[in-house]
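Everything on this sheet refers to the single structure shown next.
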Amino acid sequence: MATFLVILHGLLAVALLGSITHQAVAVVWPARSKAGFASAYRSVSSPVYANANIVLFLAVACLGAYIYPVYRVWVRTYLESARLYSAVGSFEIKEQFISIGLGLLPLYWLVWRRPDPAGQSARTAVTLILCFIVWLGFIVGHILNNVRGFFGL
Amino acid sequence: MNTTAIEKLIPVFSAAFAAIYIVSVELNWALFTYHPKIHQWGWLVEPSRDGPPMYWYGWLVTSTLGAAVVSAIALPLLKNRPTQYWLGWTVPLLVMLSVFYLFRDFFLR
C-alpha cells in the first residue's frame, strides 16, 4: 500500500511540477506570440493554473503527510544507520519548505484570484517561491526514493 | 467579515504562519505528538513511547491556530490600510533562508 501511495505521490508531484513551472515561466518571461514551442510555452494564461496548482499542492502534501510515518520509522532509521546525514537533512528542509508552502497557499490564491497591479510583485514572488518549493521537494523526494541506487548501498 | 477584510488578513496570515512555524520547530511547540510505530496520538510534546515520535503534524496545527489568532488581532490595525501583499511573501522567504541555516548541521557532519 505504501509503495502505491509513494508512486501516486510522485505522479501528482510531476503534474504539479509541470503546471507550476509553466505558470512561473509565463509570469517571469511572458510572450505575446505563440510562434514556436518556447513562445507558445511562455504565452499561456497564467491565472488558469492557480486553482489547479492549489488543489495539486494540497493533494501532494496530504499524501506526503499520510505516508510520512513510514519514512520516519523505517527509511530515516535506515539513513541514519547508513550515516547519510545529508539525505536526512535534505528531507528535513523539504518538510519545512512544504509547510511554509502550505501557509503561502492562501496568499497565492488571493494574488491570482483578481490580478490587480498592486499585487503584481507579490504574484511573481509567491509563484516563484512555490515553484522553488515544488522543485526542491520533487528532487529531494526522488533522490530519497532511490537513495540506495544513488549511494550504491 | 467582508471580502476586503479577508483579503487584508491573508498576507498577515501567511507571514505569521511561517514565523510561528519556524519558532514551533525550533522550540518544539507541537500541539500534539504522533507515535507512528504504535499508531498512537498524544497531546502536546511527548517523549518517545516506542519508536521515534513525530511532531510535524503538531507544528502545523500550532502554526495554523497561531496565525489565525495573529490575523484576528491585526484586523483593527489593517482596517484603513491597503493590503500588505509584500508582508505575505517576504517573511516566508526569510524563514526559508533561515531553514538552511538552522539545519546546516546535517550537512556539516
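If you take all other residues with their beta carbon under 11 Å from the beta carbon of B:M54, and give Lys and Arg +1 and Asp and Glu -1, the sum is +1. Mean per-residue shielding of peptide A:16-26 is 0, counting Cβ atoms of other chains within 10 Å of each Cβ.
Counted by neighbouring Cβ atoms within 10 Å, the residues A:I93, A:I20 run from fewest to most as A:I93, A:I20. Charge dipole (Cα centre; +1 on Lys/Arg Cβ, -1 on Asp/Glu Cβ; no other charges) of the protein assembly as shown amounts to roughly 540 debye. Under a Cβ-Cβ cut-off of 14 Å, what is the net charge of the residues other than A:G89 that fall near it, where Lys and Arg count +1 and Asp and Glu count -1? My count for the surroundings of A:G89 gives +1.
Taking the square roots of five times each eigenvalue of the Cα gyration tensor of segment A:9-153, the equivalent ellipsoid has semi-axes of 33, 17, 12 Å, listed largest first. For segment B:3-108, the ratio of Cα radius of gyration to the globular rule of thumb 2.2 N^0.38 Å stands at 1.28. Rounded to two decimals, the Cα radius of gyration of segment B:6-53 over 2.2 N^0.38 Å is 1.54. Residue by residue along B:15-23, Cβ atoms of other protein chains within 10 Å of the local Cβ number 3 on average. So what's the back-of-envelope 222 nm ellipticity for chain A, counting only DSSP H runs of four-plus at -39500 (n - 2.57) apiece and dividing by all residues, rounded to 500? Taken over chain A, the calculation gives -27000 deg cm²/dmol. In summary, the lysines within cross-link reach of B:K79, defined as a Cα separation below 28 angstrom excluding same-chain residues under 8 places away, comprise B:K8. Taking every residue in A:101-114 and counting other chain Cβ atoms within 10 Å of its Cβ, the average works out to 6. Ordered by the number of other Cβ atoms lying within 10 Å of each residue's own Cβ, fewest first, A:K34, B:K37 fall into the sequence A:K34, B:K37.
Neighbour counting of Cβ atoms within 10 Å sorts the residues A:E95, B:E26, A:E80, fewest neighbours leading, into B:E26, A:E80, A:E95. With contacts taken as Cα pairs under 8 Å at a separation of at least 6 residues, segment A:2-150 carries a relative contact order of 30 percent. Diffusion coefficient of the protein assembly as shown by Stokes-Einstein, Kirkwood radius over Cα pairs, 25 °C, 0.890 mPa s: 125 µm²/s.
Every number in this text was worked out from the coordinates using simple rules, so none of it is lab data. Quantities reported herein were computed from a predicted structural model and do not represent experimental measurements. Here the Cβ is made from the backbone with ideal geometry for all residues, glycine too, and neighbour counts use every protein chain on show.
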